[in-house]
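Here the structure comes first, spelled out in structure tokens, and everything after it is commentary.
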Amino acid sequence: MKRWRYRLFLSLAVLLLLGTGCMPSQQSLSPDELPLKPPQADRSGPGPQDDLEQSGRQAASFKLTQEGREYLRAGRLDEARSKFEKAIALSSSNPYAYYYLGEARYLKQEYQKSLPLLERAELFLFKDSVWLSRVHVLRGKNYEGLSRFDEARGQYRQALAEDPNNLEAQ
């Protein structure tokens, strides 16, 4: 009887942790399903009024990025690009706007223009292995488009090192 209660308790605890996000699931989400969350801000800067203005700009930037993702999914690349550029203008620390603008450039076969955007996204995403893996995959695809196959393979290896569950990197 005690063993049964222990298993029940353990099962409930695991479900609770998975449901609240405290414990990572093994399934990797596609970039479109991943939440957009701002990088950690430095709180040693200006006062509360500046923080409020900055957070408003950042929220608007993330909203534009989400709108751009929807245009990107619909294949409306020019509209998506415009949203991402506006998002970057509002908040130059929005890594997702750089990533998705890089993806839009890649889809338009503007491989050389995509690469610096991915470098910029990587600067802000270095602590997030799932997103960083996606940056490496997209960079690898750009290198393939430029016929730089050795560099592409290196990017795919780095992507797998960051997130072994990333199927695009395999």
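The values are calculated or read from the model by the stated rules, or taken from the named source; none is laboratory data. These numbers were taken from a predicted model, which means no experiment stands behind them. All Cβ positions, glycine included, derive from the backbone under ideal geometry; neighbour counts span all protein chains shown. Please note that ligands, DNA and RNA were not included when accessible areas were found on the heavy atoms of the full protein model with its side chains. Shrake-Rupley method; radii C 1.70, N 1.55, O 1.52, S 1.80 Å.
Rounded to the nearest whole Hz, the Karplus-based 3J(HN,Hα) values (6.51 cos²θ - 1.76 cosθ + 1.60, θ = phi - 60°) of the range 55-71 follow the sequence 5, x, 5, 5, 4, 5, 4, 5, 5, 4, 5, 4, 4, x, 4, 5, 5, with x at glycine and proline.
When each of the peptides 112-118, 54-60 is scored by the mean number of other C-beta atoms lying within 10 Å of its residues, the order from highest to lowest reads 112-118, 54-60.
Once the Cα-Cα distance is subtracted from the 0.36 nm per residue extended length, the residue 165 to residue 109 segment shows a gain of 17.5 nm. Taking packing as the residue-averaged number of other Cβ atoms within 10 angstrom, the listed peptides 135-148, 73-86 run from highest to lowest as 135-148, 73-86.
Pairs over the 19 Å Cα-Cα cut-off, from the set 83/108; 83/127; 63/108; 113/141; 63/113; 86/141: 83/127; 63/108; 63/113; 86/141. On the basis of the beta-carbon distance and an R0 of 22 Å, residue 63 and residue 89 show a calculated FRET efficiency of 0.95. Apolar share of the accessible surface for the range 49-170: 49 percent from carbon plus sulfur atoms, 1.4 Å probe. What the range 55-104 shows is 41 Å² of accessible area per residue, with the surface traced by a 1.4 Å probe over protein heavy atoms.
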